[in-house]
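Structure record follows, encoded as structure tokens.
The values are calculated or read from the model by the stated rules, or taken from the named source; none is laboratory data. Owing to the predicted nature of the structure, the values given are computational and were not obtained by experimental measurement. Here the Cβ positions follow ideal geometry from the backbone for every residue, glycine too, while neighbour counts run over all protein chains shown.
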Amino acid sequence: MSEFSDGPGIVALAAAGVALVALVWLLVLSLRFRRLRGAQRLVLGEHGQQDLVAHASELQAAFAALHARVDEVSEHLAERMAAAEDRLDGAIAYRALVRYDAYNEMSGHQSTTLALLDADHNGVVMSSIVHRDSARLYCKQVHGGRGEHQLSPEEEEAVRLALAGEVGSVMLETH
């Protein structure tokens, strides 16, 4: 211990202490730099040799391109949706089937009237009248829920049921 009590020994101990503090400080700074580099790699990518401003500019350009593409796809989808809605307006939206005995001579409700209407209440009413010896089919246009020609009571009932949204077949008793 006497070697370290004189002047050069104390200087050596102080130099060793300073070196130890410098080594610890070097380790702390190295860890901080590593964390900073990892965060920078996360932002700039694996091989980011550019500065943060250039990277932000690239990200903004990519975002603007993506936004333009989303707007383009959105506009295209809106056009397709409008076309689909136009086609659906002409599709059958209301329907009803009425069964009845037309001449009261056959049982079983074999005569039928079918109403098929679109969203604007336009369409067709078809009546199949079954008689003992024959069957006849009549078709009439419907515009705005009203027949182009005089509708029979069964045809009017079929249109009424269709527009009321009642689904299924209905049996009518005719007298």
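From the list ARG87, ARG95, which residue is outside any helix (DSSP H, G or I) and within 30 Å of LEU137 (Cβ to Cβ)? Answer to the selection: ARG95.
Filter the range 96-131 down to the residues that are closer than 16 Å to GLY145 by Cβ and of a type in the set (D, E, K, R) and list them by number. Result: ASP118, ASP120. If you check LEU172 against the conditions, is it touching a strand residue (DSSP E or B) at 6+ places or on another chain (Cβ under 6 Å) and modelled with pLDDT of 90 or more? Against the criterion (touching a strand residue (DSSP E or B) at 6+ places or on another chain (Cβ under 6 Å) and modelled with pLDDT of 90 or more), LEU172 does not qualify. If you go through the range 119-128 and keep only what is in a loop (DSSP other than H, G, I, E, B) and modelled with pLDDT of 90 or more, you end up with HIS121, ASN122. Every condition in (1) surrounded by 10 or more Cβ atoms within 10 Å (Cβ to Cβ); (2) modelled with pLDDT of 85 or more holds for GLY45 except the one numbered (2). Checking every residue in the range 104-111 against the condition of being part of a strand (DSSP E or B), in contact with a Leu (Cβ under 9 Å, 6 or more places away or on another chain) and in the same structural domain as ALA158 (by TED's automatic domain parsing) gives zero matches. In the range 64-78 there is at least one residue that is at pLDDT 95 or above and more than 22 Å from the chain's Cα centre (by Cα). Right, ALA16: out of contact with any helix residue (DSSP H, G or I) (no Cβ under 7 Å at 6 or more places or on another chain), among the aliphatic types (A, V, I, L, M), surrounded by 10 or more Cβ atoms within 10 Å (Cβ to Cβ) and assigned by TED's automatic domain parsing to the domain that holds VAL130 or not? So ALA16 does not fit the description; no. Each residue in the range 129-144 was checked for being surrounded by 15 or more Cβ atoms within 10 Å (Cβ to Cβ) and modelled with pLDDT of 90 or more, and 3 of them qualify.
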